[in-house]
Each structure stands twice: as structure tokens, then as C-alpha cells.
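Colleague: Dropping a structure here in C-alpha cells format, bear with me for questions.
The values are calculated or read from the model by the stated rules, or taken from the named source; none is laboratory data. In this text, all values refer to a predicted model and were calculated from it rather than measured experimentally. Here the Cβ is made from the backbone with ideal geometry for all residues, glycine too, and neighbour counts use every protein chain on show. For accessibility, only protein heavy atoms count, side chains too; no ligands or nucleic acids. Shrake-Rupley method; radii C 1.70, N 1.55, O 1.52, S 1.80 Å.
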Amino acid sequence: MSDISSPSSSTTSPLASPSTTPSSLPSPEIQSLTLKDVSDEDRQEAAKLKVEANKAFAGRNFSEAVRIYSEAIELNPTDATYWCNRAAARTKLEEYGFALSDACELLRLQTTSRRGRATCYLQIAKPQLAIADFKKVMALEPKNDTVKSQLTATQKLVRKIEFEKAIEMEGEKSPIERCQEIIAEGGCDVEKSYAGPQLQTTEDGKYVMTEDFIKGMIEWFKAGKNLPRRYVWEIVLGAHTHFVAEESLVNLDLEEGMTCDVIGDVHGQFYDLLNLYSLTGTPSEKHCLLMNGDLVDRGSWSIEVILTAFSYKWLYPNRMYINRGNHEAKDMNRTYGFEGEAKHKHGEQTYKLFAHVFTTLPLSTLVCATKPPATPSPRAILSPEGRKRYFVVHGGLFSKDGVTLDDIRKIKRVGCQPGQEGLMCELLWTDPQETPGRGPSKRGVGIAFGPDVTKRWCTLNGVTGIIRSHEVREIVPSDLAPFEITELGLQVFSAPNYVDQVGNKGAFIRIDSSGEQQYTQFDAKPHPPMKPMAYAQGGLASLMM
């Protein structure tokens, strides 16, 4: 066991391992079942299990609900409700790939489940596939107004996506250039009525970021107010100048006396971010922050979160680092709320600016100790210089062996979306699995990789361990080792009581100049009511039976 799983702090983690399917469950590769005669005894026992699973679902213990529905399916695979309900629970866990597998089996038993499968396709940004299922449901239920509206909305979405791609192919100006032009033409001046915090200017009239402005901006946000569009643009453009200067893999060397706090998903939970920053401290000469993706979507205050983070990047470019997550992408922003929030608060051009700058975010960071390990371990994988170093990435590893750190550095990311395959997609989307080798993704995008894959990659690249985010745990056994996923992997997720439903704690990891880690967990803080516009709608929850 590598020393990455033997932390110096005794704090137990709420995020110690990925929300993978328990080993006792059937394989996620659902095989087509032959309908068989089911005994009355099995039917009765399965029905009892369904009631138990429904209670787990209602209590938001979705992993336990999946386990119990699976037992019911083993006893009575001919009852469509069990497949449907398990798909609903898996959707709540964001395991859209597994939910699709259940929906496909359900199709064999109940044709109307195409609606559920279509919903899953929308959740994983495959609206073209959803249209085919909606059309088949309409053929069976021509008077179903709900499905008709879903079909119409999805067709409009596909047309919009195709239109945007066509514009990009025709060479539309970069949002950076366009915003700069509008500013130069006087089309985005600060409103005279604005009475909030003021950005300072240099002698030549250029805006500069200050600590005082950030403090005032935070108070302004807490009062429920928006910044002027001009200030929003200046913050995003200011951060952009530093992102584009960084490689797809950033090297962060922790010199003597320096520490770095690795922060996982925040997902628009602004009030929890403020609490988190009170625990980590803000960036300073001896302290770095590394936010590991998924700053936006889901929560109601993604704009406030991203502007606060970008302001620190502008002010402290060598102490504030931000990796890209799978939610810093157009298709996810369209589905999970950031696009709507950005347009609502600051307009279409502002969203275009954010969408482009998201493509300039680095894909990963290599946090490197500069001192020898304080507690050497003969099993630890070290850099060629004999130092610990950690590969921090939102998702995980790759569908093939042999990918090097240099391969990651050379990924062309600016102006690019992650897509459905390739190195960028896998960095942002993949998940670990408990079994060796590689397997299908429970999300329907990317892959799952085993501990042997992790060990080979770390050995090849001289990396002590991987720190990733991307997943939340609902329930944590008290005897689980802090933050341990596998022998060489750590998980950190920083959105407590995720979307006001899950009940998890948040966490962050502190790394010092010798590569030692400390672990901190924290509870959610009170906040104003969430706004419905920030949430993804639908899923399979409405199909719960």
C-alpha cells in the first residue's frame, strides 16, 4: 500500500472512494434475459424488496436503493418496475451509462420506457439519439402532450447546436475579440447607477484587480446583486490572459514553506465556497489554491462562484490554479444550468465569453514537492529526483496504456470541447473501478479504469498518486481510510450536501513542500433558497413506481 493512503491526519473522509456499483451486484453490462416462469414465492419476496428499496430511494440513499432493486430483479426479472426504479436510482447517482443499460432491458419488457432512455441521452448530451426514442413514444401515444413538448424542445436544441457549429465553421470572431471590440466602441460601459465595489484603474486607464474589490464583490453577491457586465468581462478577460499562457498540464512546484489546497467540485454552491475559503485561506505568497474542475452548473450561484475564482486567478496568477472539469463545457452548461444563468444575469455575449475561456483552462496539474519525503516509504513511487508528486485531474486515466505527461502537456485544448472520446474527454470524464483492467463507464461517456491501470501509469510517469474529483459519496463507513480510493488514488469533492439533497460533507486536501497531505472535511452552510432555473429537470426520477 502506497503512503498516499496513509495520511498524516486522522480525519475521516466523506469521499473516500468512488460511488461504484458494489461487487455483489450483477454486471453493469446487462444481458438480455429470457423471460422465465417466476414462482409466487419469488414474486412476493421481490415485491417486499421493492418496498424496502423505495424507502431507501425516498431517503436519498440511492446506492442502497440500487443494491436492493438488483436483488428484486434477480428474483423477478420480468417486472418492468424494478428495472425502471433501478434506472431512476442510477440517474440520481449520475450513472447515466448504467441507467441506459437498465432502460434498454426495460424496453424489451415495456415499450414506453423509451421516454426514460431518451431522458438519459439528454443527460449525457446526446440529444440526437433522444429524438428517435421520443418519436417512437409519440407513435404509440400520439395524444401524450408531455412527450410531444419534450420532442419539440429536443428538436429545437439539436437545430441550435447545428446552427452554432455552422457559425463556428464559418469563422465567427472569437468571443475575446468581440468583447474587446464592444468595449473599445463604448458599448459596455459601467452604468452610472451602479453603487457597488469599484475596480481600480492604472494611470493609462486599465482595470486592475485588488483584494479590496474581491471582498466588496463577495458582500455585493451575498446581498443578491449582480456586477455590471463590464466588470464581469474584465474579470474573465483578466483571468484568460493567464490561462492561455499555461500548458494543458501545469507544473506547480511547492517550494520550502509553501502549501497547496486541492479543492474538488463546487457546482455553483457559493455560500459553501465562502466557508471553504475561510478554512483554506485565500491565495498568498506561501499558499496556493487548486480548484479541480466543476465550479459551475447544478447550484444557483455558478456566476458568483466562477467570478470569485477568476478574480483570484487575475490577482494571484501563480497562486490560484483552476483545472477544467467536465462541466466546463458547452453541452453540460446547456443541460445543467450555467448557460441559462449566465444569459439571465449578464446576457448572450457574456455566456459566449465564458464558454470560450472555459476551453483555455488547463486539463490537469502536477503538484511537485521540492523536499524529500518526511516519511519515506520503499513502496512509494517518486519523481526522478526522488520527490513526491501528484497528478491532479478532474476525471481520471485513459483507455490505453503508455500515455505520458508530455502527451498531456501537448493536448490542444483552446477552442475545443471535450467530445465523446480521446485524451481530453478521458481526463475529464473517466472514473476508477475496483476490479482490474478497464470497463464501461457508468456515466455513458469515457471508461472505468482499475487499480492496475493506475499503478502502471504512475510507475511509467514517476507519479506518487492521482488526486481526482468528479464523484460524491453519500454514506461513508466510519472505518474507511481517509480519502482512499485505491492504492494510488485520492478523491476530493467540495460541495457539501450536494444540490441540497445528498447529505454529504465537503472536503479539501492540503499538500506541503515534502508532499505530505492533510485532510479536512466540512459541513454545508445555510443559504438563500435555490432557484429552480439552476437545476437539471426530469431524469428518470419521475418514472419511480
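Colleague: Which residues, counting only those in the stretch 380-417, are of a type in the set (Lys, Arg) and within 18 Å of ILE467 (Cα to Cα)? Lay out the reasoning, then the answer.
Modeller: Keep residues of the stretch 380-417 that are of a type in the set (Lys, Arg), which gives 387-389, 400, 409-410, 412-413.
Passing the criteria: ARG387, LYS388, ARG389, ARG409.
Colleague: Among the residues of the stretch 44-86, which ones are open to solvent by 50 Å² or more (accessible area, probe 1.4 Å) and closer than 21 Å to GLY97 by Cα?
Modeller: ARG60, GLU64, ARG67, GLU71, GLU74
Colleague: State whether one or more residues within the stretch 279-302 are without any contact (Cβ under 8 Å) to a residue 60 or more places away in the chain, open to solvent by 20 Å² or more (accessible area, probe 1.4 Å) and small (Gly, Ala, Ser).
Modeller: Yes, the stretch 279-302 contains at least one residue that is without any contact (Cβ under 8 Å) to a residue 60 or more places away in the chain, open to solvent by 20 Å² or more (accessible area, probe 1.4 Å) and small (Gly, Ala, Ser).
Colleague: I would also like to ask the following. Going by the structure shown, is GLY268 at positive phi and of a type outside the set (Phe, Trp, Tyr)? Please lay out each step first, then the result.
Modeller: Details: at positive phi: yes; of a type outside the set (Phe, Trp, Tyr): yes.
Criteria met by GLY268.
Colleague: Moving on to the next point. Out of curiosity, is ALA89 part of a helix (DSSP H, G or I), open to solvent by less than 10 Å² (accessible area, probe 1.4 Å) and either within 23 Å of ALA448 (Cβ to Cβ) or at pLDDT below 70 (or both)?
Modeller: Considered against the rule, which asks whether it is part of a helix (DSSP H, G or I), open to solvent by less than 10 Å² (accessible area, probe 1.4 Å) and either within 23 Å of ALA448 (Cβ to Cβ) or at pLDDT below 70 (or both), ALA89 comes out as yes.
Colleague: Residues that are basic (Lys, Arg), modelled with pLDDT of 95 or more, in a loop (DSSP other than H, G, I, E, B) and open to solvent by 10 Å² or more (accessible area, probe 1.4 Å): does the stretch 412-433 have at least one?
Modeller: Yes, the conditions are met somewhere in the stretch 412-433.
Colleague: Which residues, counting only those in the stretch 208-246, are farther than 23 Å from TYR277 by Cβ and aromatic (Phe, Trp, Tyr)?
Modeller: The one that is farther than 23 Å from TYR277 by Cβ and aromatic (Phe, Trp, Tyr): TRP233.
Colleague: Scan the stretch 259-278 for residues that are open to solvent by less than 10 Å² (accessible area, probe 1.4 Å) and of a type in the set (A, V, I, L, M, F, W, C) and jot them down.
Modeller: Across the stretch 259-278, the qualifying residues are CYS260, VAL262, ILE263, VAL266, PHE270, LEU273, LEU276.
Colleague: If a residue counts only when it is of a type outside the set (Gly, Ala, Ser) and in contact with a Lys or Arg (Cβ under 9 Å, 6 or more places away or on another chain), which helices (runs of 4 or more DSSP H) contained entirely in the stretch 190-293 have at least 3 such residues?
Modeller: It comes to 229-243, 270-280.
Colleague: Examine the stretch 299-306 for a residue that is modelled with pLDDT of 95 or more and within 24 Å of ASP253 (Cβ to Cβ), and state whether such a residue exists. Steps first, answer last, please.
Modeller: Let us first name the residues in the stretch 299-306 that are modelled with pLDDT of 95 or more, namely 301-306.
From the residues that got through so far, the ones that are within 24 Å of ASP253 (Cβ to Cβ) too are none.
Checked the stretch 299-306: no residue is modelled with pLDDT of 95 or more and within 24 Å of ASP253 (Cβ to Cβ).
Colleague: Scan the stretch 211-223 and report the pairs whose first residue is within 10 Å of GLN198 (Cα to Cα) and whose second residue is aromatic (Phe, Trp, Tyr) and assigned to a helix (DSSP H, G or I), with Cβ atoms within less than 6 Å and a gap of 6+ or a chain change.
Modeller: Matching pairs, first to second residue: none at all.
Colleague: Next question, about the same structure. Checking PHE134 against (1) in contact with a strand residue (DSSP E or B) (Cβ under 8 Å, 6 or more places away or on another chain); (2) at pLDDT below 80; (3) not charged (D, E, K, R), which test does it fail?
Modeller: (1)
Colleague: Tell me which residues, restricted to the stretch 312-371, are in contact (Cβ under 8 Å) with a residue 12 or more places away in the chain, of a type in the set (Lys, Arg) and open to solvent by 10 Å² or more (accessible area, probe 1.4 Å).
Modeller: Selection gives ARG319, LYS330, ARG334, LYS345, LYS352, LYS371.
Colleague: I'm checking my understanding of the structure. Among residues of the stretch 141-158 that are out of contact with any Pro (no Cβ under 7 Å at 6 or more places or on another chain) and among the β-branched types (Val, Ile, Thr), which one is modelled with the lowest pLDDT?
Modeller: Keep residues of the stretch 141-158 that are out of contact with any Pro (no Cβ under 7 Å at 6 or more places or on another chain), which gives 141-153, 155-156.
Still in the list and also among the β-branched types (Val, Ile, Thr): 146-147, 152.
Details: THR146: 79, VAL147: 75, THR152: 85.
Only one residue fits best here, namely VAL147.
Colleague: Considering only the stretch 449-489, state which residues are within 25 Å of GLY503 (Cβ to Cβ), acidic (Asp, Glu) and modelled with pLDDT under 85.
Modeller: Across the stretch 449-489, the qualifying residues are GLU474, ASP479, GLU484.
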